[in-house]
Amino acid sequence: MADPSSYRPKPGQIPDSPGVYKFRDEHGRVIYVGKAKSLRQRLSSYFQDLANLHPRTRTMVTTAAAVEWTVVSTEVEALQLEYSWIKEFDPRFNVKYRDDKSYPSLAVTLNEEFPRVQVMRGPKKKGVRYFGPYAHAWAIRETVDLMLRVFPVRTCSAGVFKRSAQIGRPCLLGYIGKCSAPCVGRVTADEHRELAEEFCDFMAGRTGAYLRRLEQRMQEAAEDMEYEKAARLRDDIGALKRAMEKNAVVLADATDADLIAVAEDELEAAVQIFHVRGGRVRGQRGWVTDKVEAVDTADLVEHALQQLYGEERGDAVPKEVLVPAVPDPAEPVAQWLSERRGSRVDLRIPQRGDKKDLMTTVQRNAQQALALHKTKRASDLTTRSRALEEIAGALELDSAPLRIECFDISHLQGDDVVASMVVFEDGLARKSEYRRFQIKSFAGQDDVRSMHEVVGRRFRRYLQEKQRTGEWEEEPREEPAAGEPPADGLAAGEPLADGPAPEAPALAPDDTEESSGPLDDSGRPKRFAYPPQLVVVDGGQPQVAAAQRALSELGIDDVAVCGLAKRLEEVWVPGEDDPVVLPRSSEGLYLLQRIRDEAHRFAITYQRSKRAKSLRAGPLDAVPGLGESRKQALLKHFGSLKRLRAATIEQICEVPGVGRKTAETVAAALTRAAPAAPAVNTATGEIIEDEAANAAPSANRGTGS
């Protein structure tokens, strides 16, 4: 725990102007981002008597080890920069809303030649018009099904569209009148785009004029005695009205607005948003957050506005945003919203009438969402906290291990030996931090030696990262053992050459992103930059001793080590002859099992993928410069590898894209990989099965020939 006075800026260093500030911890991670109208006043408030600070603020300033700031010219720029940094660094002490599910939206792909109507989830794409989000995908499909009768826009996938164009016959929707069938040329691209734009206009709330136009056309058809046309228009009007009835009118004046309500307690807050377009509720979504910083309702609203509109432009930002509390000051937020929309946006609290009544409904939804979330999460959060406390007590740790890393070794009878590293933070898997290793310093099966190598490589890289940033002034006290590789890259698992660790180690080809220390110039964290509080290995006393020895050789003495043996689920610690036995009902044991099983799953998945890749390899894979396209062309031309092996160089040159030099290389590679002919006893005609005769076929099976 750091003393805030140790990194407090000197008097006069902090400017008295608008800006954004960042607190970093001892590892350089950004743990909090904030903005201020006056940086001097705001930052000075953090460096007062700790007893006067809010408990959450006190935790943040004692966790931090440095503070830095950036001066901007206006409060609007500060708001924009704060949002960008929160999104980039994901600080642990900032309010971060999380969706309780992925809400679907109705999307119209206006960026395509023939726009398509479909259900979409996830991040928004440029050139696509979105409506929603909706609570359920089936609600979108029911609405679209009703509207396709009037706006027969394409809904098929690219594959179905292309297939129908090739065979000259539309799909079923084209035959029943729910698609204009642009795939077979029934309408032109311009006519189909006009249909899509009319669909978007109707969904955007401009319904009255279109319905009146249809009614006018129906009356004209009836007067001209075109009764079939009039009946068809009547049915179209009925379908559109049924689609509109699915979204009841809540505001009679055809208002475009978003209503945001907040329900909160001391620890958590829930936000509900109703999207009202044309006076009708067109979408709804909700977020939940932990109150990790000292915030009030106005601050929660400001964070919600940043997340809701941070990536939006144009009509996606409504003319009016109704909130339960206005951020202080409100002018920069309103100006920021107006810039994103391109016109004025009103940010206010509804005082009376239909808007206030609707806000009450949204508030009630927020309260129900918070109650439901607490019901779902209470046991899980309590269980994780208890599990970490039990682990700390059983292993006699000073504090609960908030970051746990687990290592496992996997192989198939000594072949393709790999290792995995999984990371759990606060009892939850952090999959973005998972890493994979290949063991190449020796061949064969030796789990203990493999564990020593992997743990050493992981923590040697950690020390190297500290050296690069100046956090570690001296070299590690122990050099790696002979034959042990230096710290290497992961992911694809290409280790460096064997030998002692160089002063400035080169990185593997797949580690080009790690050209800097644990934080690059923008502050992003890098691999291996942060140490865990606990290392768990899959195994018993020998594996634990190997992991502890690897740490000791590097001079690391502040990371605890334990092992979980599968036989009796015993927990082993270094230097002890007897295991630590946790009760079978222990939440701590259950968490260790989950972590160990996840490491095993990750390791065996990687091992199997490598095994499958090696089995699929063939003699053509060894030909330099021969890509996948030309390999397929060769096999397609000759029909089989056997016929290709028997072909002459001139015949191979007949394959499109294959020159004489490549043909010679292919022929030479196939000759080297050809199976040796079996030895035959000339007297009896029997095949002699000796070791030499069997060597080639067995090797061939390994290459997939």
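The values are calculated or read from the model by the stated rules, or taken from the named source; none is laboratory data. On a predicted model such as this, the values are computed, not experimentally measured, just so you know. Cβ sites come from the backbone with ideal geometry, for glycine too, and all protein chains shown count toward neighbours. Heavy atoms of the whole protein, side chains included, go into the accessibility calculation; ligands, DNA and RNA do not. Shrake-Rupley method; radii C 1.70, N 1.55, O 1.52, S 1.80 Å.
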Once phi is turned into ³J(HN,Hα) by the Karplus curve 6.51 cos²θ - 1.76 cosθ + 1.60 with θ = phi - 60°, what whole-Hz value does each residue of the stretch 635-648 show in order, with x for glycine and proline? 5, 5, 5, 9, x, 6, 5, 5, 5, 5, 5, 7, 6, 7
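How large, in percent, is the carbon and sulfur part of the accessible surface of the stretch 1-115 at a probe radius of 1.4 Å? Can you show the working numbers first?
On the way: 2620 of 5600 Å².
With neighbouring chains kept in place, the figure for the stretch 1-115 is 47 percent.
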Show me 50-59, 82-91 ranked by packing, highest mean number of other Cβ atoms within 10 Å first. 82-91, 50-59
If you find the alpha carbon centre of the stretch 165-180 and of the stretch 528-558, how far apart are they in angstrom? 64 Å
I need the peptides 222-233, 453-464 ranked by packing, meaning the mean over residues of other C-beta atoms within 10 angstrom, with the highest value on top. 453-464, 222-233
Pull up all non-local amide H partners of GLU268: gap of 5 or more, or a different chain, and H-to-H distance under 5 Å with H placed in the peptide plane. LYS291
Amide proton proximity set for VAL537, modelled H, under 5 Å, gap of 5+: PHE407, CYS562, GLY563, LEU564
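Obtain the radius of gyration and the Kirkwood radius of the stretch 1-121 from its C-alpha atoms and give Rg over Rh.
Values: Rg = 19.6 Å, Rh = 16.7 Å.
For the stretch 1-121, the value is 1.17.
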Can you tell me what percent of all Cα-Cα pairs in the stretch 271-349 are more than 19 Å apart? 35 percent
Per the C-alpha gyration tensor (a ≥ b ≥ c, the square roots of its eigenvalues), the stretch 337-377 is rounded if a/c is under 1.5, else prolate if a/b beats b/c, else oblate; here it's oblate
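Write down the accessible area per residue of the stretch 297-344 in Å², having rolled a 1.4 Å probe over the full set of protein chains. Can you show the working numbers first?
Working: 1970 Å² over 48 residues.
That works out to 41 Å² per residue.
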At q = 0.13, 0.18 Å⁻¹, base-10 log of I(q)/I(0) for the stretch 536-599 (Debye sum, equal scatterers on each alpha carbon): -0.34, -0.63
